[in-house]
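This report refers to the structure that appears directly beneath it.
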């Protein structure tokens, strides 16, 4: 959970938990493989240019698992270079884009805010072709859920507009709404929850 002054808390989902939920829900998803689980201490030591053996082993795990057509990400988000390249419709084949590194600004944000765990897993996922707008931006949506209800859906990339929505965009948004509800319905089977929702 990340705390920011003046803002509400944002709950960051572990990719492992997310994959459990989507598998249970039956919605289409992109598979992931955990390849390393460095401790926060290991990552901080690498940032300080005095890496522990655990930090060095994590780097070995990443390099040894490299494979064309895959990208690496932190447990709760993709590296900033990857998101920037994706958002600008750049070539994704360069290894500097699809590999994680300890100088990633997103990693710094994670470790210096309110990361609750002693470890931060690194995952490997296949690179998939994104649906795109006419101007080349990926269509990526965020679905906001509160008290197990979908309360909003937004366009992830503000630099491109999905308005006025085409029939294709309307269908994508409706699919996101349906998939989100399928995932919500699967959650009680994965976590302790009595089914009661507060208003």
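The values are calculated or read from the model by the stated rules, or taken from the named source; none is laboratory data. Please read these numbers as outputs of a predicted model, since none were measured by experiment. Neighbour counts run over all protein chains shown; Cβ positions are idealised from the backbone, glycine included.
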Restricting to region 99-142, name every residue that is free of Cβ contacts under 8 Å to residues at least 40 places away in the same chain, exposed (fewer than 12 other Cβ atoms within 10 Å of the Cβ) and assigned to a loop (DSSP other than H, G, I, E, B). 112, 129, 134, 135
Identify, from the list 53, 41, 66, the residue that is modelled with pLDDT under 80 and over 30 Å from residue 144 (Cα atoms). 66
Just need a number here: residues in region 15-30 that are outside any helix (DSSP H, G or I) and either surrounded by 16 or more Cβ atoms within 10 Å (Cβ to Cβ) or modelled with pLDDT under 90 (or both). 1
Across region 106-138, which residue is nearest to residue 48 (Cα to Cα) among those that are within 16 Å of the chain's Cα centre (by Cα) and at pLDDT 90 or above? 120
List every residue pair whose Cβ atoms lie under 6 Å apart, where the two residues are 6 or more positions apart in sequence or sit on different chains, the first residue falls within region 144-167 and is on the phi > 0 side of the Ramachandran plot and in contact (Cβ under 8 Å) with a residue 40 or more places away in the chain, and the second residue, located anywhere, is outside any strand (DSSP E or B) and surrounded by 12 or more Cβ atoms within 10 Å (Cβ to Cβ). 148/184
Looking at region 149-165, which of its residues are at pLDDT 90 or above and either farther than 26 Å from residue 79 by Cα or under 17 Å from the mean Cα position of the chain (by Cα) (or both)? 149, 150, 151, 153, 154, 155
